[in-house]
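Below: the structure, in structure tokens.
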Amino acid sequence: MATAEDTVIGTVRGLVKSYPAGRARRGAPAAPAVRATDEVDLDIRRGEIFGLLGPNGAGKTTLVRQLTGLMRPDAGRIELFGHDLVRHPERAARLLAYLGQESTALDELTVALAAETTGRLRGLDPRTARAERDAVLEELGLTALAARPLKKLSGGQRRLACFAAALVGDRPLLILDEPTTGMDPVARRAVWAAVDRRRAERGTTVLLVTHNVIEAETVLDRVAVLEAGRVIACDTPAGLKSLVGDEVRVDLVWRDQPPLDAPEVAALRPRAQEAGRRWSLRLAPAEARAAVAAVTGGPAFAALDDFTLATPSLEDVYLALGGGQAKGLVKG
Amino acid sequence: MTTVSGSAVSAQTAADQAGTLPGARRGAGREPEARAQAAPLAPRARLLPALSAVYRAQLSRARVARIPLLFVATFQSIGIMILMRGVVSGGEDARAVVAGSSVLVVAFVALNLLAQYFGQLRAGGGLDHYATLPVPPAAVVLGAAGAYASFTVPGTAFTAVAGSVLFKLPLAHLWVLAGVVPLAGAALSGLGAALGLLAPRPELATLGGQLGMSAALLLGVLPASHLPAPIDWARDLLPSTYGVEALAHSFDARPDWLLVAADLGVCAAVGVLSLALATWAYRRAAVR
């Protein structure tokens, strides 16, 4: 991104957080101890949208809870804007705004009061809180819903109202945990437009938690891929994709059973990841052309429902890096 | 880990408490790369403005969610008084019944409902919202406790007036409620908040709140002179008792104001302690 400066505003070094082993109860075996954050190192630069990508259970939320001062790490160092947050976790609230996944605290308030109260609690005086509330609701297209309680709204609207509350009371860092969950495309566009405006005008930095690979590819400047509490890669989306080389992805969807009697189809099978009627293959471009020609030209075509040929996505990167649970990632 | 000299820590803490952290003041022995450009911190929300913001937000919740429950609290107390009218003829017993039923509204809302609220807020991750805002813990606890105590005002006043009419007690000194509701409210909502924030699971918070309210019902409404000694001691331990006593004394033809003031003083002291406990419990629950 042209706007991104190279000043590092956040560093994480050797961060470790373990959950102790659970005791065995009747009917449930003992849960082993889990390292939810395992020696994590990160650098976050001013003005960028930095992503944490990984399936559920990869440790994204645990990492974010430590960055926001909600959870104390077992070991390691977190510095944001020159402040040591392991030693002073209470300073996080004065440096960043956090949009968590839960809205329980705001559910019974109206959209307007949720935004205004959050602004007051960020230290704004009443007049500024009201002015910022009105501006943010207008910016996000929520003015018509201002008098409605959050719990009467749809999931996506409620999420947008919580995002509005996170924006009232300017902070140089926004930490957003899956902000667009359940939103329609209009609301999503409003979120990213609001984020872009703050980056352009104030150099706001965004840390985005997501398991949506399409969103990650379109909005992130850099992304750390998490797997079982570890960062297995960290680069720009394009840089990560170049790790996979120039392999392309071929998806074949069969009408019913794959025609294994056709030798060219049988030859592809060992390299395919099968999910129901869908086969996914990662192939060199020449191989991919040959495979597509074979299945679309020969008798196998009768059994083919659909096929796609695509350049690698972050999902392919995740698989190529040895990520075990790509099914936890969402496309679209 | 960073190594910091003691004097540097105190200098930084002092600067921090002043609301700003000047980037230029750096103690010796710090890591240069990370410390060179410490950004100014946004101001904290101060106690009273934050308290009033939380209080206002909590009060608004009554419109959305709490009104049916407030009616339940009042109906329960009115029902108990009507039942007791068949048993109690008048005099000291009638005063105890009316005072107990009135304070029961406070126990229902401030103790029981607030314990449930904080229990659910804690279990549902709602505390994260407050914990990631620069707001003093006391503002969150006092704001919520104050709002729940305020919820009890109409129900308590209505119960006290209806009871006085029902049992033909003098209405002249019912202004004592102006002291009883906030002070008993503080004591009971502090207990409710502490219960909700300390209970490891929301069901236990609900259970604790219900038990507390049941105790207030049994020990507050039944006239003290009929109770066996051990239960009488339990009655003395329950903070709502002192609210009940203060209100009961005010029904006397010539109330002993010293006694009323002493009872309210106990409520106030318990209120301070229980709200301090709840604030500590909030801190503990917010950061794990």
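The values are calculated or read from the model by the stated rules, or taken from the named source; none is laboratory data. As the structure is a prediction and not an experimental result, all values here were calculated from the model. In this analysis, Cβ positions are derived from the backbone assuming ideal geometry, glycine residues included, and neighbour counts consider all displayed protein chains. Just so you know, the surface numbers come from the protein's heavy atoms only, side chains and all, with ligands and any DNA or RNA stripped out. Shrake-Rupley method; radii C 1.70, N 1.55, O 1.52, S 1.80 Å.
Can you show me the helix-derived [θ] at 222 nm for chain A, built from DSSP H runs with n ≥ 4 at -39,500 (n - 2.57) apiece and divided by the number of residues, rounded to the nearest 500. Rounded to the nearest 500, the figure is -9500 deg cm²/dmol. Set the Förster radius R0 to 25 Å, insert the Cβ-Cβ distance between A:Thr296 and A:Arg271 as r into 1/(1 + (r/R0)^6), and round the FRET efficiency to 0.05. The computed FRET efficiency comes out at 0.90.
For the range B:112-197, evaluate the Debye formula with one uniform point scatterer on each Cα (no solvent term) and list log10 I(q)/I(0) at q = 0.13, 0.14 Å⁻¹, rounded to two decimals. Cα-only, vacuum Debye calculation for the range B:112-197: -0.52, -0.57. Under the convention that each Lys and Arg Cβ holds +1 and each Asp and Glu Cβ holds -1, the size of the dipole of the range B:47-286 around its Cα centre is about 700 debye.
Pairs from the table (A:Lys17/A:Lys241; A:Lys60/A:Lys151; A:Lys152/A:Lys241; A:Lys17/A:Lys151) lying more than 31 angstrom apart at Cα are A:Lys152/A:Lys241; A:Lys17/A:Lys151.
A Förster distance of 51 Å, applied to the separation of the beta-carbon atoms of A:Leu304 and A:Thr236, puts the FRET efficiency at 0.90. The Rg/Rh ratio for the range A:125-242 is 1.01, where Rg is the radius of gyration of the alpha carbons and Rh is the Kirkwood radius. Average accessible surface for chain B: 43 Å² per residue, computed with a 1.4 Å probe over protein heavy atoms with every protein chain in place.
Its DSSP H runs of at least 4 residues, each contributing -39,500 (n - 2.57), put the calculated 222 nm mean residue ellipticity of chain B at -23000 deg cm²/dmol, to the nearest 500.
Rounded, prolate or oblate: which fits the range B:190-288 when a ≥ b ≥ c are the square roots of the eigenvalues of the alpha-carbon gyration tensor, with rounded for a/c under 1.5 and prolate only if a/b beats b/c? Since a/c reaches 1.5 but b/c is at least a/b, the shape of the range B:190-288 is classed as oblate. Among the residues of B:121-129, the average count of other protein chain beta-carbon atoms within 10 Å of the residue beta-carbon is 6.
Return one number: the angle in degrees, 0 to 90 and rounded to the nearest 10, between the long axis of the Cα atoms of helix A:155-167 and the longest principal axis of the Cα atoms of chain A. Here the helix axis deviates by roughly 50 degrees. Using the Kirkwood radius built from alpha carbon pairs, what does the Stokes-Einstein equation give as D for the protein assembly as shown at 37 °C and 0.692 mPa s, in µm² per second? Estimated via Stokes-Einstein, D reaches 118 µm²/s. Here the gap between A:Ala24 and A:Glu139, fully extended at 0.36 nm per residue and compared with their Cα-Cα distance, gives a gain of 36.3 nm. Using the Stokes-Einstein relation with a Kirkwood hydrodynamic radius computed over Cα pairs, the translational diffusion coefficient of the range A:1-127 at 10 °C and a viscosity of 1.306 mPa s comes to 93 µm²/s. Rounded to the nearest 10 degrees, the inclination of helix A:185-202 to the longest alpha-carbon principal axis of chain A is 60 degrees.
Restricting the calculation to alpha carbons of chain A gives Rg and Dmax of 23.0, 75 angstrom. Once the chain from A:Gln101 to A:Ala284 is taken as fully extended at 0.36 nm per residue, the excess over their C-alpha distance is 61.9 nm.
Normalised by residue count, the range B:54-117 yields a Cα convex hull volume of 86 Å³ per residue. Rg/Rh for the range A:193-332 (Cα atoms only, Rh after Kirkwood) is 1.07. For the pair B:Leu47 and A:Arg87, label points projected 7 Å from Cα toward Cβ lie 2.7 nm apart. Of all DSSP-defined beta bridges confined to chain A, some 65% are antiparallel rather than parallel.
Inter-chain neighbour count for A:109-116: the average number of beta-carbon atoms from partner chains within 10 Å of each residue's beta-carbon is 3. The convex hull of the Cα atoms of the range B:47-286, projected and averaged over all directions, covers 12.4 nm². Can you tell me the 0 to 90 degree angle between the C-alpha axis of helix A:285-297 and the longest principal axis of chain A, rounded to 10? Tilt relative to chain A: about 60 degrees.
Counting, for every residue in B:43-56, the Cβ atoms of other protein chains within 10 Å of its Cβ and taking the mean gives 4.
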